[in-house]
There are 2 protein chains.
Amino acid sequence: MSPDTRSSDRRRPAADSAETATALKLFVVLSRAATAVQRQASDDVARHGLTISEFAVLEALFHKGPLLLGEVQRVVLVSSGGITFLVDRLEGKGLVERRECQEDRRARYAALTRAGETLMRRIFPPHAARIRAAMSALTLAQQRELTALLRTLGSAADSLSG
Amino acid sequence: MSPDTRSSDRRRPAADSAETATALKLFVVLSRAATAVQRQASDDVARHGLTISEFAVLEALFHKGPLLLGEVQRVVLVSSGGITFLVDRLEGKGLVERRECQEDRRARYAALTRAGETLMRRIFPPHAARIRAAMSALTLAQQRELTALLRTLGSAADSLSG
DNA sequence: CCAATATATCTCAGTAGTAAGGAACTTGTG
DNA sequence: CACAAGTTCCTTACTACTGAGATATATTGG
């Protein structure tokens, strides 16, 4: 597509290896930054006996109301077996309940129980504040720029896999 | 420190919530981008029967030579039990071997075997090319900028945990 | 030198997840 | 209608870890 890549029999090894080195460095830094920020989130929710994935389910239901399990799965990005397991656990903790779906009897809703709703009202704001604190080494403008770059990168990488 | 945060009794809720929303969005986009890129890497090394973590160990030894297990652990960022398990597996595959350390008999080196060296010579270049492809939605300049922002973010978030 | 502490690896039990396949149900087609 | 194909969730078996504690060795201060 771009003029730089139209020919393949005359390569420029030096430029190629500079590109490779840049990409590899980015890969490492991206993984570490994500891990570091996730650890902040994880430490925070662990104080309430929750994992990040459990919290992500609660957060989706908190902000969007009852969702079909498949919808939750798409938000949380976990396998189908994983979402069953997650909702089982949250049901065991009394924070979430399954409800029937009239229109499609294969499907089930997940919904916050009253206890789940109460818990989220209490712990979501400080959790959000902790995420904000973790990001606060960057200015708002930098955070927006970073978000834009990561969105481009993420959707391009996603589309490579299907 | 900064002029905006010197006072705590007069807040600006609107600005606070804009900051929170930006930070939360960044958190989601960061996690997804990292997952998407890691999936590319993972799919690539899976063709050779390796996990990302196994490949990371091989790569460290390939580029730096024999390393103490603790040093490998710091590079790959897994628990102490995890590094033992990883090196066990790679030893089982004949790609890595443990060696004694004269100066400190508690410690052990991990080193590539000849088979490990051969394998890495063969699979590292196409792996690097795949990472480069996954990043190629961004220009080189954007990749460098992204790296700089992520480095800032990552080390700040790290220092919050100790 | 001895005791206390620190360090490096390993062991073991437990956990969060995946992947593949199956049961129940729905939808589309002849 | 009847049947094939698709979907929604669940089950099962497995995997890659983590975290706490054990073991062996090293270091430090008295």
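Neighbouring Cβ atoms from other chains, within 10 Å of the Cβ of residues in B:116-128, number 1 on average.
Distant-in-sequence amide contacts of residue A:68, defined by a placed amide H-H separation under 5 Å and a gap of 5 or more residues or a different chain, comprise A:110. The charge dipole of the protein assembly as shown, taken about its Cα centre with unit charges on the Cβ atoms of Lys, Arg (+1), Asp and Glu (-1) only, comes to about 180 debye. For chain B, averaging the sequence separation of C-alpha pairs within contact (under 8 Å, six or more residues apart) and dividing by the residue count gives a relative contact order of 19 percent. Assuming charge only on the beta carbon of Lys and Arg (+1) and of Asp and Glu (-1), the dipole of the range B:41-131 about its Cα centre is about 120 debye to the nearest 20. Projected label points at residue A:160 and residue B:133, each 7 Å from Cα along the beta carbon direction, are separated by 0.7 nanometres. For residue B:20, the label point sits 7 Å beyond Cα toward Cβ; its separations from the matching points on the remaining copies run 4.7 nm, from shortest to longest. A Gaussian network model of chain B, with springs between Cα atoms under 10 Å, assigns the largest mean-square fluctuation among B:79, B:53, B:42 to B:79. Projecting the Cα atoms of B:73, A:21, A:111 onto the charge dipole of the protein assembly as shown (Cβ charges, centred on the Cα centre) puts A:21 farthest toward the positive pole.
Among the DSSP helices (H) of chain A, those spanning at least 15 angstrom by Cα along their long axis with an average Kyte-Doolittle hydropathy of 0.5 or more are A:52-64; this is a geometric and hydropathy rule only. Restricting the GluC sites (Glu not before Pro) of the range B:55-162 to loop positions (DSSP other than H, G, I, E, B) with no more than 12 neighbouring Cβ atoms within 10 Å leaves B:103. Here the extension length gained between residue B:64 and residue B:80 equals 3.7 nm, from 0.36 nm per residue of separation less the Cα-Cα distance. By other beta-carbon atoms within 10 Å, ranking B:29, A:37 with the fewest at the front produces B:29, A:37.
Take the convex hull of the alpha carbons in the range B:24-162; its mean projected area over all directions comes to 10.1 nm².
Within 10 Å of the Cβ of each residue in A:72-79, the mean number of Cβ atoms contributed by other protein chains is 1. Among A:93, A:25, A:64, which one moves the most in a GNM of chain A with springs linking Cα atoms closer than 10 Å? In this elastic network of chain A, the residue with the biggest mean-square fluctuation among A:93, A:25, A:64 is A:25.
Laboratory data are not the source of any read-out in this text; all were calculated from the coordinates shown. These numbers were taken from a predicted model, which means no experiment stands behind them. With ideal geometry, Cβ positions are generated from the backbone for all residues, glycine too; neighbour counts draw on all protein chains shown.
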